Amino acid sequence: MDLWRKFIYCTSLSGPVLGSVDHMQPQDFEKVASPVSVAHFSQYKLVRLLVKRLADLNFQVCTTDTIEGQDCAVLGGNKIMMGHECTYISPTADGVEVGVSFIREGKRMEKKICCRILVGSDGAGSTVRKLVGIKMEGERDLQKLISVHFLSKDLGDYLLHQMPGMLFFIFNSEAIGVLVAHDLNKGEFILQVPFYPPQQSLEDFTPKVCREIIFMLVGHKLVDVDVIGIKPWIMHAEVAEKFVSSCDHVILAGDAAHRFPPAGGFGMNTGIQDAHNLAWKIACVMRGVASPSILQTYETERRPIAKFNTALSVANYKAAMSIPSTLGLDPTMANTVHRVVNSGLGSIMPPRLQKLFLEGIFSIGRAQLSPFLLNEANPFGSARLAKLKSILDEGNSLQLQFPAEDLGFRYLEGALVPEITVCGEETFEPTGRRREYVPSAETGKRLPHMNVRVLKGVSKKEILSTLDLLFGDKIDFLLIVGPRKESYHLASGAINVARSYEVSLRVCIMWPYGSTHECMAANDAIRPQVENVIDVVELGCPLSSSSVLSSSSSSWWDLCKMSNKGAILVRPDEHIAWRTKFGIDGDVDGEIRRVFSMILGVNK
């Protein structure tokens, strides 16, 4: 983690450092908010791990050489079809027919697949989204960039020992760029440089040219630079107008549903949250447990989160742009110049003159970064360096950690029972500044983490997190109650109702800190005598160095701001679907039936 905690601002990787920001705080390592710490992981590495995990679960990874070429009405289950492209989507009586194409032995082959639900998780340029006619809403073309994927063990070793960090913002009179250090030990990097088409084209960025840009940003030549990928991309901040379409048969997830600036890790985190929200709902529909209408709650719950995260990532991106602006390289001005060249008087110039003019203007701008100007002895440069330091010290630059948004987001309506609050939901404007995660057991929030010890019940571990009381490989709901007669009555009623809804319900009895097996044995006569019950004892939360988290209590119910008379019903995605703070007075079965009806969209 020490290798990627810093953002470093410099004139070259071997030159003066203008400033740096350490984005890790002590509480990030304390595992108070979660049983695991934050991590930096490249997407392509994550994909490899996911494919391997699916193979371990008996999914068959199929290449284009191992897939039949003819049409098949129904695709066999547990298959991952690599190298296939969606070409058309057509509605059927109970789903959609999907056309796919692939290349085999130099020939394009086609086939069709029939399915009940199609999830388009095919990236920012989603073909599925375009085929069903879903539009994107938001800000387009924030910036155009060229991404250069390269390897250099020499550069990795140098940074590892001299200047370890995750992002390097490099500004000098020859070139500017942002270097992402994906793996310093292996020397794997992604370089992002500004791109201004049509005056510049992808053909201008040959491997040789890219190596020269790398050398200018490093400050000297490297002998082992291996450029393995060059591609242009456009930064957008958009959310799909809808996530569910075609009578609930086509669903968008991940980058297909929302496109963010790469500022804060929201792309991958929001996409994983989408999948977490959607998977159990699809499983319930396919098993006949829930109404297909539950799929609409995916959009109801996730789209507001995507819109908020879009605004937050834009605010964070604008904070990032404050650094080059302070150094005299205002990106807004650069984009304005580019637009003038494209559509103003500059458009009448021949393309070659347009390119020379644009490069000349940018060269003049970069001249402000000359070491003769940008230094403490020069009043002009000293003022800019002082302002840059102020931005970094006050946390007004690009931020990395957003615990409140990563863990503390809340679903206000959807597959849950909304709470009636007196003062209404507290709202926050997306400022781009870090906010700490505050555990909460409010309906729609993620279940708080606390370590517990298993007293009785099926578990692979003796000590586990409350988040692990739900098994990731099963579609279980979880009911957490205290060791009280009235709570046992509530739990028994909930188990019976869940059974009538054909839902698997696991009951957790939360014993107070210090409870023993003897305490539990004394309650055996009134305890629910059914399977799928687990007794655990609180171990409490460790104290945190964060003032926000330092009030963490050893009591589960205090952490949840509830009494031990209450009960919490947790969905398979670890979000709270319903709670009662003081138990149920009256018809327990009727209330639990109302709860499951609202969650699943069915009445029984």
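Please return the ranges of helices (runs of 4 or more DSSP H) entirely within segment 328-430 where 2 or more residues are among the hydroxyl-bearing types (Ser, Thr, Tyr) and surrounded by fewer than 15 Cβ atoms within 10 Å (Cβ to Cβ).
Ranges flagged: 331-343, 379-393.
List the strands (runs of 3 or more DSSP E) inside segment 121-184, counting only whole elements, that have at least 2 residues being among the aromatic types (Phe, Trp, Tyr).
Values: elements: 136-151, 167-171, 176-183.
Where strands (runs of 3 or more DSSP E) fall fully within segment 121-184 and carry at least 2 residues being among the aromatic types (Phe, Trp, Tyr), they are 167-171.
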Subject >> Candidate set: segment 394-422, residues that are hydrophobic (A, V, I, L, M, F, W, C) and touching a strand residue (DSSP E or B) at 6+ places or on another chain (Cβ under 9 Å); chosen: the one nearest to residue 4 (Cα to Cα) >> reply: 400
Subject >> Lone qualifier among 155, 131, 167 - being at pLDDT 95 or above and more than 21 Å from residue 221 (Cβ to Cβ) >> reply: 131
Subject >> Residue among 300, 336, 332 that is under 30 Å from residue 414 (Cβ atoms) and not charged (D, E, K, R) >> reply: 300
**OP:** Being modelled with pLDDT of 95 or more, within 15 Å of the chain's Cα centre (by Cα) and open to solvent by less than 30 Å² (accessible area, probe 1.4 Å) narrows it down to one of 239, 218, 285, so name that one.
**Re:** 239
**OP:** Filter segment 32-58 for residues that are under 20 Å from residue 434 (Cα atoms), modelled with pLDDT of 80 or more and open to solvent by 30 Å² or more (accessible area, probe 1.4 Å) and give the result.
**Re:** 36, 37, 38
**OP:** Looking only at segment 184-206, count how many residues are farther than 11 Å from residue 146 by Cα, surrounded by 15 or more Cβ atoms within 10 Å (Cβ to Cβ) and more than 30 Å from the chain's Cα centre (by Cα).
**Re:** 1
Original post:
What are the residue pairs meeting all of these: first residue in segment 243-265, first residue free of Cβ contacts under 8 Å to residues at least 40 places away in the same chain and open to solvent by 30 Å² or more (accessible area, probe 1.4 Å), second residue aromatic (Phe, Trp, Tyr) and assigned to a strand (DSSP E or B), Cβ atoms under 9 Å, and 6 or more apart or on different chains?
Top reply: none
Original post:
Taking the stated definitions as given, is residue 297 within 25 Å of residue 89 (Cβ to Cβ), over 13 Å from the mean Cα position of the chain (by Cα) and open to solvent by less than 60 Å² (accessible area, probe 1.4 Å)?
Top reply: yes
Subject >> Residue that is farthest from residue 282 (Cα to Cα), among those in segment 97-128 that are polar (S, T, N, Q) and open to solvent by less than 40 Å² (accessible area, probe 1.4 Å) >> reply: 101
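The values are calculated or read from the model by the stated rules, or taken from the named source; none is laboratory data. Small disclaimer: the values here were computed from a predicted structure and weren't measured. We place every Cβ from the backbone using ideal geometry, glycine too, and count neighbours over all the protein chains shown. Each accessible area value is taken on the protein alone, full model and side chains, heavy atoms only, with ligands, DNA and RNA left out. Shrake-Rupley method; radii C 1.70, N 1.55, O 1.52, S 1.80 Å.
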